[in-house]
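Each remark here refers to the structure printed beneath this line.
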Amino acid sequence: MRTKTKELIFQGALKAFAEKGFNETTMEQIAEICGVAKGTLYYNFKTKEDLYIFVMESGVQRFISMIQDYVAPVSDDDFRERVIRLTEAHLDFFENEQDFCRLLLSRSWGTQERHHTIRHVLQKYFDLLESELHTAQEQRKLPASIDVKTAASSYFGMVGFAAMRAIVHGQSLDNVALRSSLQCLVLHMMGISDQE
């Protein structure tokens, strides 16, 4: 699939799934939103499920790339700053990709099979978070008593649902009170002083 067509399909399908949900969205509606022929859509994606998985995988990969870009300039030794940059990456991504945020945090996961697929797609994201936390534990910057998987899930829930609530209420995520509150809560959850 050509890059331009792939991007058109990604953006159109994302918009449709985020606004209407998986079950209420048809391939015909997606083709119309994308501005591509229905045949083009079916040529590249045999089912709506395949297209949904493509959208989720592409969105999560974009999310992971942005996180990596934000934390890469910070030394592995500076766990506090890496956590701050990690949170900034989440908020900036969700601010810029509100449709994906709605889709990611919605109930549109549907069937057990789709739940399994989405968990699989999100595992790459959680692997990245858990790697950060394991490194911090090895450096004794994160208490050994904190379970890494639980911390990663809690982090995602805290930041993701705070972002989603703001989006649903029409608030910008570029909000000093929201960002500073989340930073303080996240640092506290990780056992890091927010005054350092």
Give the residues of segment 156-191 that are open to solvent by 20 Å² or more (accessible area, probe 1.4 Å) and aliphatic (A, V, I, L, M), sorted by residue number. MET158, ALA162, MET164, VAL168, VAL176, ALA177, LEU178, LEU185, MET189
Being open to solvent by less than 20 Å² (accessible area, probe 1.4 Å) and either closer than 20 Å to LYS124 by Cα or over 16 Å from the mean Cα position of the chain (by Cα) (or both) narrows it down to one residue among THR87, THR47; which is it? THR87
Based on what the data block shows, is THR40 among the hydroxyl-bearing types (Ser, Thr, Tyr) and either open to solvent by less than 70 Å² (accessible area, probe 1.4 Å) or in contact with a helix residue (DSSP H, G or I) (Cβ under 8 Å, 6 or more places away or on another chain) (or both)? yes
Could you give every pair whose Cβ atoms fall below 6 Å, whose first residue belongs to segment 121-146 and is closer than 17 Å to VAL74 by Cα, and whose second residue is among the β-branched types (Val, Ile, Thr) and open to solvent by 40 Å² or more (accessible area, probe 1.4 Å), counting only separations of at least 6 or pairs across chains? none
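The values are calculated or read from the model by the stated rules, or taken from the named source; none is laboratory data. The shown structure was predicted, so the numbers you read here are calculated from the model rather than taken from an experiment. Neighbour counts are summed over all protein chains in view; Cβ atoms, including those assigned to glycine, are modelled from backbone coordinates with ideal geometry. Please note that ligands, DNA and RNA were not included when accessible areas were found on the heavy atoms of the full protein model with its side chains. Shrake-Rupley method; radii C 1.70, N 1.55, O 1.52, S 1.80 Å.
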